[in-house]
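Worksheet: the structure to be examined is printed underneath.
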C-alpha cells in the first residue's frame, strides 16, 4: 500500500495492529472489513495472507482505494444490510465505525450473520467513558465525526451477546483522564490534520495506557467469537 496517512496517526497503527495481532495467523482465512473506507486496513490483512474484502457505503473512498497498490476486493454496500450470504467469512473486522451507525445493534447482528460459527470478530469503537466531563469537546466530536452512539465495554459486550457472540477480550486506548481529554481535543480542534500531526505522541500515549487501569478510556477494542 502506498498511502501512509493511515499509519501516520496518533493511534490507528497501534489500534489496528492490536486487532490483527489478536486474530493470529490469517493465511487462507476470508476476512470482511465493515465500513473499511478505502480498504487500507483490509489490505494489511491481505498482506498477512487473508482473502480480504472491504465494504463501505462511500463510493469516493472506494474509488480512491482502487488506485492504491495491492488493494483488497472493494465492495460498495451498507453495513446494516451486508450484501453477503450467511456464514460467508472466517473473520469480520471493523475499525471505529459502529459509533457512526444509527443502529449499532443491527450492524452487529449483520456482522454476526455473515460470520461462520466459531469465526472471529474484532472491532474498535468510541467508548468515551469520561466524555461528559468536557461537554463542549464531546459535542464538537459528535458533530464533526457524526458520532451517533458511544459504547462502553460492558454495553458492547451485551450487544455482542445478543447477536450470538461471546467476548474473548477487551482493552482500552487513551485510558487516563488526561489522555481522554487529549483524544477529544484532537478531534474537536484538530480534526484529521490533528490526528496526523499528533503521531509523535503515540509512544507516550501507549506508555500512559500501560500504566493506567484498563477499566475505561476513549476507545474500546474487542475480540469476540461467534457461538457454534
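The values are calculated or read from the model by the stated rules, or taken from the named source; none is laboratory data. Just so you know, these numbers come straight off a predicted model, no measurement behind them. Neighbour counts run over all protein chains shown; Cβ positions are idealised from the backbone, glycine included.
Can you confirm whether the range 204-216 contains a residue that is modelled with pLDDT of 95 or more and within 24 Å of residue 26 (Cα to Cα)?
No: zero hits.
Any residue at all in the range 163-172 that is over 17 Å from the mean Cα position of the chain (by Cα), outside any strand (DSSP E or B), modelled with pLDDT under 95 and crowded, with 20+ Cβ neighbours inside 10 Å?
No - not one qualifying residue is present in the range 163-172.
Mind counting the residues in the range 38-62 that are in contact with a strand residue (DSSP E or B) (Cβ under 7 Å, 6 or more places away or on another chain), in a loop (DSSP other than H, G, I, E, B) and surrounded by fewer than 21 Cβ atoms within 10 Å (Cβ to Cβ)?
1
Just for helices (runs of 4 or more DSSP H) wholly inside the range 63-162: which have at least 1 residues that are modelled with pLDDT of 95 or more, touching a helix residue (DSSP H, G or I) at 6+ places or on another chain (Cβ under 9 Å) and closer than 24 Å to residue 45 by Cβ?
Details: elements: 104-114, 135-145, 153-162.
The qualifying helices (runs of 4 or more DSSP H) are 104-114, 153-162.
Do you know which residues across the range 195-228 are surrounded by fewer than 19 Cβ atoms within 10 Å (Cβ to Cβ) and more than 21 Å from residue 129 (Cβ to Cβ)?
Within the range 195-228, 196, 197, 199, 200, 203, 225, 227, 228 qualify.
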